[in-house]
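Enquirer: Structure provided below as C-alpha coordinates; questions to follow.
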Amino acid sequence: QVQLVESGGGLVQPGGSLRLSCAASGIRLSTYITDWYRQAPGKQRELVARISTGGNTNYADSVKDRFTISRDNAKNTVDLQMGSLKPEDTAVYYCRTWGVGRNYWGQGTQVTVSS
(Lines give C-alpha, C1' and ligand atoms only; values in the text may rest on other atoms or scores of the structure.)
Protein backbone atom coordinates (compact mmCIF):
# COMPACT_ATOMS: atom_id res chain seq x y z
CA GLN A 1 0.00 0.00 0.00
CA VAL A 2 1.39 3.36 -1.04
CA GLN A 3 1.28 6.16 1.50
CA LEU A 4 2.58 9.72 1.43
CA VAL A 5 2.73 11.61 4.71
CA GLU A 6 3.49 15.32 4.87
CA SER A 7 4.87 16.98 7.97
CA GLY A 8 6.45 20.24 9.06
CA GLY A 9 3.59 22.66 8.63
CA GLY A 10 2.64 25.24 11.21
CA LEU A 11 2.34 28.91 12.02
CA VAL A 12 5.20 31.19 11.05
CA GLN A 13 5.68 34.94 10.93
CA PRO A 14 6.16 36.76 7.62
CA GLY A 15 9.77 36.52 6.55
CA GLY A 16 10.24 33.26 8.38
CA SER A 17 11.09 29.77 7.19
CA LEU A 18 9.60 26.30 7.32
CA ARG A 19 10.70 22.95 6.03
CA LEU A 20 8.05 20.51 4.86
CA SER A 21 8.76 16.85 4.41
CA CYS A 22 6.96 14.18 2.39
CA ALA A 23 7.72 10.67 3.57
CA ALA A 24 6.75 7.76 1.35
CA SER A 25 6.09 4.12 2.02
CA GLY A 26 5.29 1.42 -0.51
CA ILE A 27 6.94 3.38 -3.33
CA ARG A 28 10.39 4.66 -4.17
CA LEU A 29 10.21 8.43 -4.71
CA SER A 30 13.41 8.33 -6.73
CA THR A 31 11.59 6.47 -9.52
CA TYR A 32 8.72 8.94 -9.86
CA ILE A 33 8.20 12.63 -10.33
CA THR A 34 7.29 14.30 -7.05
CA ASP A 35 5.47 17.58 -6.70
CA TRP A 36 4.47 19.94 -3.95
CA TYR A 37 1.11 21.61 -4.45
CA ARG A 38 -0.78 24.06 -2.32
CA GLN A 39 -4.37 25.13 -1.97
CA ALA A 40 -5.46 28.31 -0.28
CA PRO A 41 -9.06 28.82 0.88
CA GLY A 42 -11.32 29.58 -2.06
CA LYS A 43 -8.56 28.99 -4.61
CA GLN A 44 -7.59 26.19 -6.93
CA ARG A 45 -4.80 23.82 -6.04
CA GLU A 46 -1.59 25.02 -7.65
CA LEU A 47 1.74 23.41 -8.42
CA VAL A 48 4.50 24.91 -6.31
CA ALA A 49 7.57 22.81 -7.06
CA ARG A 50 8.58 19.65 -8.87
CA ILE A 51 11.54 17.31 -8.80
CA SER A 52 12.11 14.81 -11.57
CA THR A 53 13.59 11.34 -11.33
CA GLY A 54 16.87 12.84 -12.52
CA GLY A 55 16.79 15.55 -9.88
CA ASN A 56 15.79 18.43 -12.14
CA THR A 57 13.65 20.99 -10.36
CA ASN A 58 10.99 23.47 -11.40
CA TYR A 59 9.18 26.15 -9.43
CA ALA A 60 6.16 28.35 -9.72
CA ASP A 61 7.14 31.94 -10.40
CA SER A 62 5.56 32.98 -7.12
CA VAL A 63 8.01 30.90 -5.07
CA LYS A 64 11.13 30.94 -7.25
CA ASP A 65 14.24 31.94 -5.30
CA ARG A 66 12.39 31.43 -2.00
CA PHE A 67 11.55 27.71 -2.00
CA THR A 68 13.79 24.72 -2.65
CA ILE A 69 12.64 21.17 -3.35
CA SER A 70 15.01 18.30 -2.65
CA ARG A 71 14.95 14.53 -2.39
CA ASP A 72 16.74 12.20 0.00
CA ASN A 73 16.83 8.80 -1.66
CA ALA A 74 18.12 7.05 1.43
CA LYS A 75 15.27 8.36 3.57
CA ASN A 76 12.75 8.15 0.71
CA THR A 77 11.59 11.69 1.36
CA VAL A 78 11.07 14.86 -0.64
CA ASP A 79 11.39 18.11 1.26
CA LEU A 80 10.30 21.64 0.53
CA GLN A 81 12.42 24.31 2.18
CA MET A 82 10.43 27.53 2.30
CA GLY A 83 12.00 30.88 3.07
CA SER A 84 11.01 34.55 3.09
CA LEU A 85 7.46 33.41 3.70
CA LYS A 86 4.61 35.76 2.91
CA PRO A 87 0.98 35.78 4.07
CA GLU A 88 -0.01 34.73 0.56
CA ASP A 89 1.92 31.49 1.05
CA THR A 90 -0.75 30.44 3.55
CA ALA A 91 -2.32 27.22 2.29
CA VAL A 92 -2.58 23.49 2.76
CA TYR A 93 0.49 21.96 1.15
CA TYR A 94 0.24 18.57 -0.53
CA CYS A 95 2.81 16.11 -1.74
CA ARG A 96 2.11 14.20 -4.94
CA THR A 97 4.13 11.50 -6.64
CA TRP A 98 3.23 10.20 -10.06
CA GLY A 99 4.27 8.32 -13.14
CA VAL A 100 2.77 6.21 -15.90
CA GLY A 101 -0.39 4.67 -14.48
CA ARG A 102 0.32 5.84 -10.93
CA ASN A 103 -0.74 8.93 -9.04
CA TYR A 104 -0.60 9.35 -5.27
CA TRP A 105 -1.36 12.26 -2.94
CA GLY A 106 -0.69 12.91 0.69
CA GLN A 107 -3.23 14.26 3.14
CA GLY A 108 -1.72 17.74 3.30
CA THR A 109 -0.16 19.93 5.94
CA GLN A 110 -1.31 23.42 6.90
CA VAL A 111 1.06 26.35 6.56
CA THR A 112 -0.08 29.66 8.01
CA VAL A 113 2.00 32.80 7.59
CA SER A 114 0.79 35.50 9.92
CA SER A 115 2.03 37.97 12.48
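The values are calculated or read from the model by the stated rules, or taken from the named source; none is laboratory data. Just so it is clear, the structure is predicted and the values come from calculations on it, not from any experiment. Cβ sites come from the backbone with ideal geometry, for glycine too, and all protein chains shown count toward neighbours. When the accessible area is computed, the model is the full protein with side chains, heavy atoms only, and any ligands, DNA or RNA have been set aside. Shrake-Rupley method; radii C 1.70, N 1.55, O 1.52, S 1.80 Å.
Enquirer: Can you find, within region 22-34, the residue that is surrounded by the fewest Cβ atoms within 10 Å (Cβ to Cβ) among those that are polar (S, T, N, Q) and in contact with a Ser or Thr (Cβ under 9 Å, 6 or more places away or on another chain)?
Expert: The selected residue is Thr31.
Enquirer: Just name the residue that is nearest to Thr112 (Cα to Cα) out of those in region 7-16 that are open to solvent by 40 Å² or more (accessible area, probe 1.4 Å) and in contact with a Lys or Arg (Cβ under 9 Å, 6 or more places away or on another chain).
Expert: So, considering only residues that are open to solvent by 40 Å² or more (accessible area, probe 1.4 Å) and in contact with a Lys or Arg (Cβ under 9 Å, 6 or more places away or on another chain), the one nearest to Thr112 (Cα to Cα) is Pro14.
Residue-by-condition table, conditions (1) closer than 17 Å to Leu18 by Cβ; (2) of a type outside the set (Gly, Ala, Ser); (3) touching a residue at least 40 places away in the same chain (Cβ under 8 Å):
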{"position": "Gln44", "(1), (2), (3)": "no, yes, no"}
{"position": "Asn56", "(1), (2), (3)": "no, yes, no"}
{"position": "Asn76", "(1), (2), (3)": "no, yes, yes"}
{"position": "Tyr94", "(1), (2), (3)": "yes, yes, yes"}
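Enquirer: Given (1) under 14 Å from Val111 (Cβ atoms); (2) open to solvent by less than 60 Å² (accessible area, probe 1.4 Å); (3) assigned to a strand (DSSP E or B), identify the lone condition not met by Arg19.
Expert: (2)
Enquirer: Just to be sure before I move on: is Tyr37 touching a residue at least 60 places away in the same chain (Cβ under 8 Å), in a strand (DSSP E or B) and open to solvent by less than 80 Å² (accessible area, probe 1.4 Å) in the structure I sent?
Expert: It is false that Tyr37 is touching a residue at least 60 places away in the same chain (Cβ under 8 Å), in a strand (DSSP E or B) and open to solvent by less than 80 Å² (accessible area, probe 1.4 Å).
Enquirer: Looking for whichever is out of contact with any Lys or Arg (no Cβ under 8 Å at 6 or more places or on another chain), assigned to a loop (DSSP other than H, G, I, E, B) and under 23 Å from Gly16 (Cβ atoms) here; the options are Ser84, Ser70, Ser62. Which one fits?
Expert: Ser62
Enquirer: Now for a different question. Would you mention how many residues in region 87-115 are part of a strand (DSSP E or B), among the charged types (D, E, K, R) and closer than 12 Å to Gln39 by Cα?
Expert: 0
Enquirer: Another question, then. Only one of these conditions is not met by Val48: (1) in a strand (DSSP E or B); (2) open to solvent by 30 Å² or more (accessible area, probe 1.4 Å). Which number is it?
Expert: (2)
Conditions tested, residue by residue: (1) open to solvent by 40 Å² or more (accessible area, probe 1.4 Å); (2) over 10 Å from the mean Cα position of the chain (by Cα).
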| position | (1), (2) |
| --- | --- |
| Thr53 | yes, yes |
| Asp61 | yes, yes |
| Lys64 | yes, yes |
| Ile69 | no, no |
| Asp79 | no, no |
| Leu85 | no, yes |
| Cys95 | no, no |
| Tyr104 | yes, yes |
